[in-house]
Amino acid sequence: MADEKPDVARLVDEAAKALGLPIAPEYRANVILNYERSLMIARPLLEVDLDDDLMSGPVFRP
Amino acid sequence: MSVPAMSDPLSKSATATEIAHAIAGGKVKAAAVIDATLQRIAASEPTINAFTDIVAERAIRRAAEIDAGKHRGPLMGVPFAVKNLFDIEGLPTRAGSKINVDGPKAVRDGALVRRLEDAGAILVGGLNMGEYAYDFTGENSHYGPSRNPRDTTRMSGGSSGGSGAAVAAGEVPLALGSDTNGSIRVPSSLCGLFGLKPTYGRLSRAGSFPFVDSFDHLGPIARSTEDLALSFDAMQGWDPDDPVCTDRPAEPTLPRLGEGIDGLRVAIAGDYFTRGGEPEAFEAVATVAKALGATRTVVLPEAAAARAAAYVITAIEGGQVHLPRLRTRPQDFDPDTRERFMAGVLLPGAWYVKAQRFRRHYRANVLKVFEEADIVLAPATPCTAPNLGQVMMKLGGVDLPVRANLGLFTQPISFIGLPVVVAPLQRPGGLPIGVQIIAKPYNEQAALRVAAFLEKQGVAAAPPA
């Protein structure tokens, strides 16, 4: 369900563990707040449909 | 049109061009200019707080060399300062942080510092900035905020806050900043100055501390369009040390700066760029459009998604750059950046890839708009300078965080690397605000010509220092 709200606190905790990023208790609430803010700001991007053959434009030159 | 009177080259309102002409013409010594500059900085800093490092001995030595006949060039004797994410030989590259001060000292100046000095300019110091450039406010918990010289209870804008504040206070006529999502354009708007964010890849970023490789740009802030063009021309050219630096030949903009706007098709950005701001932001665009005779509106399609994609790429790339420091020294970050970097590094990789793919899609659609217009006008900031310490602001009747939203109108433009000049409008009895003059890639010249026209007409101007 696209509209089902994720458990952001758990997501942050688990992703931080997977990445090896310790988040001190005093920072945790604000990390969660910023993650929630990101979910909101990213929404217009996530709603866009892109063609399968659309490639990004990397600059890397071998 | 009368020719404006030349400022005293020793005064705080003198432009880079005026200083260089005065020195080249033997009317004043570079040593006297540097002496006056250092005195002004000492007098202003207790209130403005634009500088974190002053390289007085180096500047005095270089001025003496110039007076002895060395280092001739179009910027001869012009004092300038750089956001402290530029390498300055012998100093740690702070990038607004406390952490980097413990790192190595730069062994060489950044590429653009070298290019300006090759053209005769004189570096006088490093400038305050939001930590690691993740900022639109100019505030910094380690070094204090750079204050807006128009009203020192207000934000300078960021993250090139010291760059805007130093030029607006008349400490230096020219400063370099960086702009990832708006960090040259926001302080230019809030401090009432001309700023140039060139095309992505146009100016070398070698020897600067990165924030978001995909969008990082460097460029000048000044009191006149002539100074933007003069410094931009001196900094152009391929640099193998920056992998995205273009190998297109330099295209000098100064010779054509005064050609006016004949033949340029100017349009106004509609839709996204007409809402979510305070009335003064849109009034400024209307004033500029009227002066240019622009009536046509164009839509940059999916600008809201572009802003979202810019946000996602910024959060993830920025977070990734700082991951080692977030693991080992989180307590030494500015509290206003730390948790944003932490959240960013945890965002899904799928978002990042989609944002990068969308970037190419959006670029193609916006370039179609530029087949029908040479210049597009848009607000630079959604409001005038907020109060220092202000966390939330009301935009279009909605309460929004200041930090994330001062760049609402700049993010969808730098996202695809378009060149932009900010033209400042002084508002009698009010604070200044800027308008973005946006051109297609590599057409900085058109944007500069439009800004110069507005300056000549008296529509855009830097305030008296």
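On the basis of being of a type in the set (Val, Ile, Thr), surrounded by 11 or more Cβ atoms within 10 Å (Cβ to Cβ) and either in contact (Cβ under 8 Å) with a residue 12 or more places away in the chain or more than 9 Å from every other protein chain (Cβ to nearest Cβ) (or both), does A:VAL8 make the cut?
yes
For residues in region B:415-426 being in contact with a helix residue (DSSP H, G or I) (Cβ under 7 Å, 6 or more places away or on another chain) and of a type outside the set (A, V, I, L, M, F, W, C), which is surrounded by the most Cβ atoms within 10 Å (Cβ to Cβ)?
Filtering region B:415-426 for residues that are in contact with a helix residue (DSSP H, G or I) (Cβ under 7 Å, 6 or more places away or on another chain) and of a type outside the set (A, V, I, L, M, F, W, C), the one surrounded by the most Cβ atoms within 10 Å (Cβ to Cβ) comes out as B:PRO424.
Keeping to region B:256-312, report how many residues are away from every other protein chain (no Cβ under 13 Å), aliphatic (A, V, I, L, M) and touching a residue at least 40 places away in the same chain (Cβ under 8 Å).
18
Go through region B:32-53 and give me each residue that's touching a helix residue (DSSP H, G or I) at 6+ places or on another chain (Cβ under 9 Å) and buried (at least 18 other Cβ atoms within 10 Å of the Cβ).
B:VAL33, B:ILE34, B:THR37, B:LEU38, B:ILE41, B:SER44, B:ILE48, B:ASN49, B:ALA50, B:PHE51, B:THR52 - these are the residues of region B:32-53 that are touching a helix residue (DSSP H, G or I) at 6+ places or on another chain (Cβ under 9 Å) and buried (at least 18 other Cβ atoms within 10 Å of the Cβ).
Check region B:346-357 and report whether any residue there is among the basic types (Lys, Arg), within 22 Å of B:TYR272 (Cα to Cα) and either buried (at least 23 other Cβ atoms within 10 Å of the Cβ) or facing chain A (nearest Cβ under 7 Å) (or both).
Yes, some residue in region B:346-357 is among the basic types (Lys, Arg), within 22 Å of B:TYR272 (Cα to Cα) and either buried (at least 23 other Cβ atoms within 10 Å of the Cβ) or facing chain A (nearest Cβ under 7 Å) (or both).
Would you please list the contacts, defined by Cβ atoms under 8 Å and residues six or more apart or on different chains, that run from a residue in region A:13-39 that is facing chain B (nearest Cβ under 8 Å) to a residue that is in a helix (DSSP H, G or I) and among the hydroxyl-bearing types (Ser, Thr, Tyr)?
Qualifying pairs under 8 Å: A:SER38/B:TYR311.
Could you please find all residues in region B:274-333 being touching a strand residue (DSSP E or B) at 6+ places or on another chain (Cβ under 8 Å), assigned to a loop (DSSP other than H, G, I, E, B) and surrounded by 21 or more Cβ atoms within 10 Å (Cβ to Cβ)?
The answer is B:GLY277, B:ALA294, B:LEU300.
Return yes or no: is B:ILE88 part of a loop (DSSP other than H, G, I, E, B), more than 18 Å from B:ALA20 (Cβ to Cβ) and modelled with pLDDT of 95 or more?
yes
Report the residue count in region B:72-117 for those that are in contact with a Cys (Cβ under 9 Å, 6 or more places away or on another chain) and closer than 30 Å to B:ARG327 by Cβ.
Number of matching residues: 0.
The values are calculated or read from the model by the stated rules, or taken from the named source; none is laboratory data. This is a predicted model, so every value here is computed, not measured. Methodologically, a virtual Cβ is constructed for each residue, glycine included, from the backbone with ideal geometry; neighbour enumeration extends over all protein chains shown.
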